[in-house]
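**Student:** Following this message is one structure expressed as structure tokens.
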Amino acid sequence: MRYAFGKAISRLGTGLCLTMAMMASASAEAGDYCRTISDADAEKLNGRSAVVADIDGVLGRYVLYDYGPTNGAFLDEGITFPRDDAALMLNIYHRRGYAIVYMAGRPRQISVNGESMCEATMNWLHDNGFPTESADTLLLLRDGDSSVVDAEDRGTAMAEWMGKHGTDLFISFVDEAKSRFGIVPTYGYVDSAVVADAFIAVGVEPANVFTIGNKGVPRLGYRGTTPIVGEDANDGYTDHVKSFVVPNVPVAE
């Protein structure tokens, strides 16, 4: 996760809500997963090649408040907006057979506009056109540290916490999905060295870890990762979809 600037806002809670069958489960059996996973869905997920994607700053951009950047807008008000063609990109991966594993450092136990963080996040993904089919996607969130949950500026506190602990958090997310479903993390999308380190550690080839925004990495091509660069502070994935995803991503094995 990383600070970034933006131009437009999409508000949660105003679009189509998911059915209860797709909603989060708070049961102990669910672990970090934001919904219960049926045996049938688990079987379909088993052994799949997967795209692992951070959400904050990667699929959605941060919001500019009073001429100062913040990543707390989603935590406090459920506000973010998708990067250009982020949903299109992941739908192409999905149609080519890849499982999609979403994850974020946002604290699971925080409520957003009357919804749990799991519900709010899943609804945002669904309402903005991202794949959310239960047999093909996972969303992982974990209860946050009190230093974030109780902070006056939770966005800044979350960024600081992630800077110290984010690599371990994201490694544990992917390792959990690998252990339970045997997924094979094949492509990764990040905006920080913290999460790039995690995805490389769990087995994504560095060249298949794509960095966007690039303010959260010390240099372009960090550890052999592939930067997505473009005009206007890397609005999104339009060129990446055209130049890489469509011509180069094979159908998943």
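Bear in mind that the values in this text are calculations on the coordinates, not laboratory data. Predicted model, so just to flag it, every value in this text is computed and none were measured. Glycine also receives a Cβ, built like all others from the backbone with ideal geometry; neighbour counts cover every protein chain displayed.
**Student:** From Cα coordinates alone, what are the radius of gyration and Dmax values for the range 95-220 in angstrom?
**Tutor:** 14.9, 43
**Student:** Along its three principal axes, how long is the range 126-189 when you only count alpha carbons? Whole Å, largest extent first please.
**Tutor:** Answer, in whole Å and largest first: 38, 29, 19 Å.
**Student:** Roughly how many nanometres apart are two label points built 7 Å out from the Cα toward the Cβ at Glu152 and Ser111?
**Tutor:** Roughly 2.4 nm, to one decimal.
**Student:** When a/c is below 1.5 the answer is rounded, else prolate if a/b is larger than b/c, else oblate, so apply that to the range 88-149 with a ≥ b ≥ c taken from the square roots of the Cα gyration tensor eigenvalues.
**Tutor:** prolate
**Student:** Report the gain in length on full extension from Glu77 to Val251: 0.36 nm times residue separation, minus Cα-Cα distance, nm rounded to one decimal.
**Tutor:** Length gained, Glu77 through Val251: 58.8 nm.
**Student:** In addition: For a test of the definition: using alpha carbon positions, the gyration tensor, and the 1.5 limit on a/c, classify the range 160-253 as rounded, prolate or oblate.
**Tutor:** oblate
**Student:** Another question, if that's okay. Show me the ranking of peptides 149-157, 115-123 by mean Cβ neighbours inside 10 Å, starting with the highest.
**Tutor:** 115-123, 149-157
**Student:** Sticking with this structure for a sec: Compute and list, largest first, the equivalent-ellipsoid semi-axes of the range 38-248 from the alpha carbon gyration tensor, each √(5λ) rounded to a whole angstrom. If you can, show how the numbers build up before the last one.
**Tutor:** Details: eigenvalues 114, 87, 58 Å².
So the three semi-axes of the range 38-248 are 24, 21, 17 Å.
**Student:** Right, something else. Using 0.36 nm times the number of residues separating Ala40 and Ser179, minus their current alpha carbon distance, what extension gain do you get?
**Tutor:** 48.3 nm
**Student:** If you count, for each residue, the other Cβ atoms within 10 Å and average over each peptide, how do 45-55, 135-145 line up from highest to lowest?
**Tutor:** The densest-packed peptide leads the list: 45-55, 135-145.
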